[in-house]
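Following: one structure in structure tokens, then a few remarks.
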Amino acid sequence: MNKTLRALIGAIFVTIIVIASSPQTAAGSSMSLLGYQDFDDGKSPVFASEMASAGADEPFPFDGTLFGNDFVDDSLGSFVYTHTFDLGGETPDVAELTIGLIDHDSFAATFPVDTIDFYFDGVKQPDSVFKGISARPSSVSVVSVPVPVSFILDGELVVYFAATKPGTSYDGNGIAPDFSLLEFRTIPEPTTVVMFGIGGVFVMRKAILRG
């Protein structure tokens, strides 16, 4: 093996080690989208007819269905859906869910009311980010929340939203989802990166020897 080839292979192995020990460099991003974003964050008011028209070709529950009713006593809406995805044998290290939530009636005021609960795989999640961000008489809130990685290791995430109280001066609370976007970053196993690199070494070695 000549000196040039030895030096080249050595440099490639050093690069492989650096990449394998720096997972952020090799990370890839993936997403799972349900429904489409029909309304911008803060849109107000939002009419039932708009929701039905915008969601006409989208899957349930993103099809414009309103769950619950603001004007019926104790009519508190809820909905559930499931993100399914393929991790491709890789390990996620961070995940985030962005939802367009319509009309949850937690109005910005001196004492805003906490009007919703939400769950991942049956486990209640912190919901303070939804408090006090609605506008009268109805509005859209586009909110991003972290997803604990342990919930997505099986390739599924069950998401459940439920209105727990009426908004101030209302009798019930009708809610609806506009869209839901799950994003996560996956890290290839270091051995995978190394094997790709070793394969590259042999290819380059053959090319040099032939040259």
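No lab work stands behind these numbers, since they all come straight from the coordinates. Quantities reported herein were computed from a predicted structural model and do not represent experimental measurements. For neighbour counting, all protein chains shown are included, and Cβ atoms are generated from backbone atoms with ideal geometry for every residue, glycine included.
Numbers below:
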quantity	calculated
3J(HN,Hα) from dihedral phi, the stretch 45-57, Karplus parametrisation 6.51/-1.76/1.60, rounded to Hz, x for glycine, proline	x, 10, 8, 4, 5, 5, 4, 5, 5, 5, x, 4, 9
Calculated over the stretch 27-186: convex hull of Cα atoms, volume per residue (Å³)	104
Distance between the stretch 72-93 and the stretch 129-187 - C-alpha centres, whole angstrom	9
Net charge dipole size for the stretch 27-186 [Lys, Arg +1 and Asp, Glu -1 on Cβ; Debye, nearest 20]	380
3J(HN,Hα) from dihedral phi, the stretch 171-179, Karplus parametrisation 6.51/-1.76/1.60, rounded to Hz, x for glycine, proline	8, x, 8, x, 10, 7, x, 8, 7
